1. Wholly within segment 1-98, which helices (runs of 4 or more DSSP H) include no fewer than the required count, namely at least 1 residues that are of a type in the set (Gly, Ala, Ser), crowded, with 22+ Cβ neighbours inside 10 Å and without any contact (Cβ under 8 Å) to a residue 60 or more places away in the chain?
2. Taking segment 178-209 only, how many residues are farther than 20 Å from ILE233 by Cβ and open to solvent by 50 Å² or more (accessible area, probe 1.4 Å)?
3. Only one of (1) in a helix (DSSP H, G or I); (2) surrounded by fewer than 18 Cβ atoms within 10 Å (Cβ to Cβ) fails for LEU275. Which number is that?
4. Could you list, in sequence order, all residues of segment 210-228 that are in a loop (DSSP other than H, G, I, E, B), open to solvent by 80 Å² or more (accessible area, probe 1.4 Å) and under 16 Å from SER276 (Cα atoms)?
Amino acid sequence: MKKKVLILSGGISKERLISLDTGLQVAKELKKNGYKVKISEPDNNLEKNIKNFKPNVIFNALHGQFGEDGYIQTILEQFNIPYTHSGVIPSSIAMDKEISKKIFIKNKIKTPKFFTFSFDMRVLNLIKKIEKKLSFPVVVKPLNEGSSVNVYICDKKNLNNIVKKLRNYKKIMIEEFIGGREIQVAIMGKTKLGAIELKPKRKFYDYKAKYNSSAKTEHIIPVNLSKKKFSQIMNIALKAHKVIGCKGVTRSDFKYYQGKFFLLEINTQPGMTKLSLVPEIAEHKGINFLKLIEWILKDASTKR
Ligand SMILES: Nc1ncnc2c1ncn2[C@@H]1O[C@H](COP(=O)(O)OP(=O)(O)O)[C@@H](O)[C@H]1O
Ligand SMILES: [Mg+2]
């Protein structure tokens, strides 16, 4: 008998629409292949939905705050039903770009130089601090978003205005801008699944470059790297997955500049639409969308 799968999608993060898309695509593929599927929001009806539907497994298709950062995972642990992707602590660490970068550094994984800024500091001091520690342009980003939401490349002139836009965050990150190529790596359990290079036509791989097909970001697979460099980036991604304690599938985002790989972040709930990067990497390795979803479901457990 095929499993009953409850798919969690939507939520209240800024990546709600992407999550709904991930949820729908996974549901469609599973239904087509004989699974019983129910889609649920992570809201007050979740418990009732679980009681009525009695799923064998919960597929977490949420992205961003409350879905990717340990909150929902804490709730899922209490239902005692196997759920997918990373558990409470790794999810919360990976979602916090400051903590995860500190762990990368501790484990000798190269990541762009950075510091964090909270709004009790004056912007004037901020420019001084940047000039002392980094050089312009810099990248300003929230610590806990995804999909490039509120990520900006700044020079000295527009820093002030950009930082003001991010006022609602408790803390933001100022990171050294790394030029060069953009490469992302997928890990599946203990397996190095593969890599893909993104060539955005826009200024960088921002929200539009990620999700608007009219923005025409070029996807390059296989990535043009020497055997040695390819193996190096795969090993870094696997190491990041392990040191954070991730489970299931992750995607690590890198910049490749002057022969060095800089890890920007590791994603514990990578997008799973048919056009997303992890499914594309899997497909290239001979694992079609259904097989990828089935692997994720099989890997699910009650205690992550
Ligand atoms: N330090 C950096 N140097 C150059 N580009 C960057 C840097 N940080 C972020 N970017 C660009 O912004 C995109 C999103 O940044 P990332 O840190 O991965 O945050 P998100 O969680 O929103 O995906 C990256 O894929 C890259 O194109
Ligand atoms: Mg990213």
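The values are calculated or read from the model by the stated rules, or taken from the named source; none is laboratory data. The model shown is predicted, which means the values in this text are computed figures rather than measured ones. Glycine gets a Cβ as well: all are built from the backbone with ideal geometry, and neighbour counts include every protein chain shown. Accessible surface is based on the protein model in full, side chains and every heavy atom, while ligands, DNA and RNA are left aside. Shrake-Rupley method; radii C 1.70, N 1.55, O 1.52, S 1.80 Å.
1. Values: elements: 16-32, 46-53, 71-79, 88-95.
Where helices (runs of 4 or more DSSP H) fall fully within segment 1-98 and carry at least 1 residues being of a type in the set (Gly, Ala, Ser), crowded, with 22+ Cβ neighbours inside 10 Å and without any contact (Cβ under 8 Å) to a residue 60 or more places away in the chain, they are 16-32.
2. Qualifying residue count, segment 178-209: 5.
3. All conditions pass for LEU275, except number (1).
4. LYS216, PRO222
For (1) among the hydroxyl-bearing types (Ser, Thr, Tyr); (2) at pLDDT 95 or above; (3) within 15 Å of ligand 2 (Cβ to nearest atom); (4) over 23 Å from MET272 (Cα atoms), each residue gets a yes or a no:
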{"site": "VAL138", "(1), (2), (3), (4)": "no, yes, no, yes"}
{"site": "SER148", "(1), (2), (3), (4)": "yes, no, yes, no"}
{"site": "ILE153", "(1), (2), (3), (4)": "no, yes, yes, yes"}
{"site": "LYS156", "(1), (2), (3), (4)": "no, no, no, yes"}
{"site": "LYS170", "(1), (2), (3), (4)": "no, no, no, yes"}
{"site": "GLY179", "(1), (2), (3), (4)": "no, yes, no, yes"}
{"site": "GLY189", "(1), (2), (3), (4)": "no, yes, no, no"}
